[in-house]
Protein chains: 2
Amino acid sequence: MAEVIDGRKVAAKLDEQTKAEVDALVAAGGPRPGLTVILVGDDGASQVYVRRKIKGCEKVGIRSSEHRLPADTTQDELLALIDQLNHDPDVHGILCQVPLPAHIDTRTVLGAISPEKDVDGFHPVNVGRLSTGTGGIVPCTPLGIMLLLESVVDDFVGKDAVVIGKSNIVGKPVALLLLDRECTVTVTHIYTENLPEIAAKADIIVAAAGAPELVKGSWVKPGAVVIDVGITRIMGEDGKEKLVGDVKFDEVQHAKAVTPVPGGVGPMTIACLLHNTVQAAKTISEAKAPNGDSDYRDAPDRSLIYGEGASLD
Amino acid sequence: MAEVIDGRKVAAKLDEQTKAEVDALVAAGGPRPGLTVILVGDDGASQVYVRRKIKGCEKVGIRSSEHRLPADTTQDELLALIDQLNHDPDVHGILCQVPLPAHIDTRTVLGAISPEKDVDGFHPVNVGRLSTGTGGIVPCTPLGIMLLLESVVDDFVGKDAVVIGKSNIVGKPVALLLLDRECTVTVTHIYTENLPEIAAKADIIVAAAGAPELVKGSWVKPGAVVIDVGITRIMGEDGKEKLVGDVKFDEVQHAKAVTPVPGGVGPMTIACLLHNTVQAAKTISEAKAPNGDSDYRDAPDRSLIYGEGASLD
């Protein structure tokens with residue numbers, strides 16, 4: 001039976017570490033990290049996400065604030081708010097919840113957030129730094145995926161990794177992070193012709209296609225590690241709605257380890273956002289150049305997450 | 001026999017197109033594109049490269065200027081010059097020749113060049129835009145590789161592409177550009193365990209490992225297209241020095257097409273620099289936001305390079 005990677009447990013350990021870092025920072029006379037969330041309009045799902053993020057802040061001792069703007073806010077008004085927050089010394093992380101209303105250009109808005117406060121890691125400067133392995137803020141979902149992988153993979157060097165899906169927010173950044181760990185990385189997508197065969201050679205599969213139960217048992221070699229990033233609501237055979245991932249979970253029990261849906265990648269996202277906020281607060285308060293040599297791998301203290309000296313394999 | 005892709009010929013066609021664009025821009029009352037090259041110290045090879053770039057400018061009608069600074073120039077002095085050039089309306093492209101002296105932090109200096117004048121495409125913002133496929137300036141060697149590929153590949157969609165080497169200036173950007181063209185992309189490197197087998201499945205191989213004659217005939221499947229980015233000076237069996245690439249050229253005659261070394265990728269680099277300078281001048285003079293929706297593929301006019309209606313396959 002495959003090990004089921006418990007995303008909630010890994011996320012809780014990361015939260016513990018984040019809380020300890022906040023406490024240490026404040027005890028040392030540093031600032032209490034602050035996250036500001038901007039929500040434009042009244043999208044129901046966005047409201048739920050924002051509430052969870054604010055609640056997460058409370059749990060680890062991050063100061064949070066929320067700007068709720070009406071749906072008819074102009075782009076210039078939103079940019080003015082971001083400019084003000086960029087200059088606010090008490091704000092270390094700025095998160096502008098997407099999707100934004102159609103009259104606002106998302107790329108312009110996300111590009112206006114100061115790179116060192118861009119805790120979502122979507123600013124071109126952070127994307128560029130991730131691409132070149134030169135520090136910067138790593139987007140939450142890819143960072144969460146790497147931490148889940150690290151909980152079960154001892155040595156990444158030379159492993160064959162296959163990423164299914166090439167989105168800007170998951171597929172491409174995960175591929176670059178895996179390359180940074182010296183994996184041989186294949187990025188596949190809707191135009192890939194022999195995907196089952198390619199996947200079946202992988203030591204690591206990251207399924208981020210958004211295609212329910214795309215990855216069958218025969219696509220997974222015995223002993224592989226499978227991270228399932230997809231989450232889709234479908235109608236089950238019993239006529240009830242259920243959430244499924246991109247992987248046919250029941251068919252991959254010959255894998256070494258697999259993430260469940262829900263309870264795998266999902267819970268990591270907010271924990272990584274909180275982690276990023278604290279890192280941003282440290283970077284800003286140390287007046288450390290944002291293009292410093294920090295590496296995302298230096299940031300989370302593995303021993304705190306997985307236990308001192310614990311074998312990760 | 002494999003078609004030998006003549007980089008000099010493709011570069012000459014791109015130069016013709018660039019010259020025509022310069023003429024059209026000036027005729028329409030726009031600015032004459034201007035490139036400024038900064039050279040710190042007296043590295044011999046760098047001097048040769050800079051001279052070639054300046055000469056290339058003359059050929060296509062780009063105004064060029066050169067700043068030669070002594071080897072003991074401080075980082076602050078260099079940054080002050082870049083700041084001045086960033087604000088100079090007659091300068092559309094700024095190129096700071098590397099390597100820089102050891103007391104200067106290359107990343108800081110290259111990151112100080114305004115992204116829209118960064119004709120080398122090394123600024124994190126341009127790297128990020130390339131990663132997300134959202135415009136920006138594409139670095140010269142990767143752009144040259146794509147143009148050579150386009151001269152012999154009709155349809156990239158679904159092709160298996162293998163990139164050997166994961167450097168920030170060639171391997172990673174080429175991989176992202178191939179992904180953008182809907183190839184299935186595998187990035188391999190020194191830690192890849194079964195490279196011959198992986199390469200042997202590829203429709204497209206881009207060899208950028210800097211390892212002389214690494215790629216043997218048996219690594220290349222019949223009909224593949226091979227781009228050789230390596231260039232190393234070795235001692236031949238006859239006791240004379242010679243330049244070789246990363247591919248055993250004589251052994252891959254069953255390929256569909258292959259670039260020679262020298263005369264393949266090399267000649268494309270300066271032609272792409274000149275092309276980038278004109279694109280930068282256009283972007284700046286049109287006061288087009290640098291995060292506009294332009295795509296590098298829109299920029300070079302294929303019909304000019306390869307002939308109107310010519311089959312590329």
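Just so you know, all these numbers are worked out from the coordinates, no wet-lab data involved. Only a predicted model underlies this, so the values are computations on that prediction, with no experimental measurement involved. Ideal geometry is used to build each Cβ from the backbone, glycine not excepted, and the neighbour counts take in all protein chains shown.
Mean separation of Cα pairs under 8 Å and 6+ residues apart, divided by the residue count of region B:140-262: what relative contact order is that in percent? Intermediate values should be presented prior to the final figure.
Numbers: 257 pairs, mean separation 26.8, N = 123.
Worked out over region B:140-262, it gives 22 percent.
Shortest first and in nm to one decimal, what separations exist between A:PRO196 and its copies in the other chains, measuring from label points 7 Å along the Cα-to-beta-carbon line?
3.0
If you find the alpha carbon centre of region B:208-242 and of region A:126-140, how far apart are they in angstrom?
Centre-to-centre (Cα) distance: 33 Å.
Please give the charge dipole size of region A:140-262, origin at the Cα centre, charges +1 on K and R Cβ atoms and -1 on D and E Cβ atoms. Round to the nearest 20 debye.
Numbers: 12 positive and 17 negative charges, 37 e Å.
Once rounded to the nearest 20, the dipole reads 180 debye.
Quick check on chain B: of the DSSP beta bridges with both residues there, what percent are antiparallel, nearest 5%? Can you show the working numbers first?
Values: 4 of 33 bridges.
Rounded to the nearest five, the antiparallel share is 10 percent.
List the relative contact order of chain A as a percent without decimals, with contacts defined as Cα pairs under 8 Å and 6+ residues apart. Show your work: numbers first, answer last.
Values: 620 pairs, mean separation 74.7, N = 313.
Over chain A, the number comes to 24 percent.
Taking all pairs of distinct Cα atoms, average 1/r, flip it, and tell me the Kirkwood hydrodynamic radius of region B:43-162 in Å to one decimal place. Display every interim value, and only then the final one.
Numbers: mean 1/r = 0.0612 Å⁻¹.
Kirkwood radius, region B:43-162: 16.4 Å.
Relative contact order for region B:123-187 using alpha-carbon pairs under 8 Å, separation at least 6, rounded to a whole percent?
Numbers: 75 pairs, mean separation 22.0, N = 65.
About 34 percent, as a whole number.
Beyond a 25 Å Cα-Cα separation, which of these cross-linked pairs lie in this structure: B:LYS166/B:LYS248; A:LYS13/A:LYS55; A:LYS242/B:LYS159; A:LYS166/B:LYS166; B:LYS166/B:LYS240; A:LYS166/B:LYS248? List each step's numbers first, then the result.
Working: B:LYS166/B:LYS248 20 Å; A:LYS13/A:LYS55 17 Å; A:LYS242/B:LYS159 36 Å; A:LYS166/B:LYS166 18 Å; B:LYS166/B:LYS240 31 Å; A:LYS166/B:LYS248 33 Å.
Beyond 25 Å: A:LYS242/B:LYS159; B:LYS166/B:LYS240; A:LYS166/B:LYS248.
Take every residue in peptide A:116-128, count the Cβ atoms of other chains within 10 Å of its Cβ, and give the average of those counts.
Taking all residues of A:116-128 together, the mean is 4.
Rg/Rh for the protein assembly as shown to two decimals, with Rh computed the Kirkwood way over all alpha-carbon pairs.
Working: Rg = 25.3 Å, Rh = 26.0 Å.
My calculation puts Rg/Rh at 0.97.
Efficiency by 1/(1 + (r/R0)^6): what FRET value for B:SER285 and A:GLU251, r their Cβ-Cβ distance, R0 = 51 Å, to the nearest 0.05?
On the way: r = 58 Å, r/R0 = 1.14.
With a Förster radius of 51 Å, E is 0.30.
For peptide A:185-198, compute the average count of partner chain beta-carbon atoms within 10 Å of each residue's beta-carbon. Don't jump to the answer; show the numbers that get you there.
Working: counts 9, 9, 10, 4, 6, 3, 8, 6, 5, 4, 1, 0, 1, 4.
The per-residue average across the peptide is 5.
Classify chain A as rounded, prolate or oblate from the Cα gyration tensor: take a ≥ b ≥ c as the square roots of its eigenvalues, call it rounded if a/c is under 1.5, otherwise prolate when a/b beats b/c and oblate if not.
Values: a/c = 1.75, a/b = 1.40, b/c = 1.25.
It comes out prolate by the Cα gyration axes.
State the answer as a single residue: which of A:LEU143, A:GLY266, A:GLY245 lies farthest towards the positive end of the charge dipole of the protein assembly as shown, with beta carbon charges of +1 for Lys and Arg and -1 for Asp and Glu, about the Cα centre.
Of the listed residues, the answer is A:GLY245.
Could you check the simple spin-label distance between A:ILE54 and A:VAL98, using points 7 Å along Cα→Cβ, in nm with one decimal?
That separation, rounded to one decimal, is 2.3 nm.
Taking neighbour counts of Cβ atoms within 10 Å as a proxy for exposure, in what order, fewest first, do A:ILE284, B:ILE94 appear? Don't jump to the answer; show the numbers that get you there.
Values: A:ILE284 20, B:ILE94 26.
Ranking A:ILE284, B:ILE94 by Cβ neighbours within 10 Å, fewest first, gives A:ILE284, B:ILE94.
Kindly give Rg over Rh for region B:140-262, based on alpha-carbon atoms, with the Kirkwood expression for the hydrodynamic radius.
Values: Rg = 13.6 Å, Rh = 14.3 Å.
Rg/Rh: 0.95.
Separation of region A:145-195 and region B:30-85 by C-alpha centroid, Å?
40
In nm, one decimal, shortest first: how far is the label point of B:PRO31 (7 Å from Cα along Cα to beta carbon) from the matching points in the other copies?
3.6
Charges only on Cβ, +1 for Lys and Arg, -1 for Asp and Glu: so what's the dipole of chain B about the Cα centre, in debye to the nearest 20?
Values: 31 positive and 44 negative charges, 55 e Å.
The dipole magnitude comes to about 260 debye.
Starting from 0 in steps of 5 Å, tell me what percent of the Cα-Cα pairs of region B:152-218 lands in each bin.
Calculated over all Cα pairs of region B:152-218, the distribution is 4, 18, 30, 26, 16, 6, 0 percent.
Which one of B:LEU81, B:MET235, A:ALA27 is farthest out on the positive end of the charge dipole of the protein assembly as shown, using unit charges on Cβ (Lys, Arg +1; Asp, Glu -1) and the Cα centre as origin?
After comparing all options, I get B:MET235.
Which of A:VAL60, A:VAL252, A:VAL109 moves the most in a Gaussian network model of chain A with Cα springs under 10 Å?
A:VAL109
How high is the FRET efficiency between A:ASP238 and A:ASP72 when r is their beta carbon distance and R₀ equals 56 Å, given to the nearest 0.05? Walk me through the numbers on the way to the answer.
Values: r = 43 Å, r/R0 = 0.78.
With a Förster radius of 56 Å, E is 0.80.
Partner chain Cβ atoms within 10 Å, averaged over the residues of B:24-36 - can you pull that number for me? All intermediate terms of the calculation are to be shown ahead of the outcome.
Values: counts 0, 0, 0, 0, 0, 0, 0, 0, 0, 0, 0, 0, 0.
Mean shielding by partner chains, rounded to a whole number: 0.
Find every distance from the label point of A:ARG51 to the corresponding label point in the other copies (7 Å from Cα along Cα→Cβ) and write them in nm, one decimal, shortest first.
7.2
Suppose every K and R has +1 on its Cβ and every D and E has -1 on its Cβ; what is the size of the dipole of the protein assembly as shown about the Cα centre, in Debye to the nearest 20? Mind showing how you got there, number by number?
Numbers: 62 positive and 88 negative charges, 23 e Å.
Dipole about the Cα centre, nearest 20: 100 debye.
Taking a Cβ-Cβ separation under 4.7 Å as the criterion for a possible partner, which cysteines of chain B have none?
Cys with no partner Cβ under 4.7 Å: B:CYS57, B:CYS96, B:CYS183.
With 17 Å as the cut-off, how large is the P(r) tail for region B:45-113, expressed as percent of Cα-Cα pairs?
On the way: 1073 of 2346 pairs.
Here the tail beyond 17 Å accounts for 46 percent of pairs.
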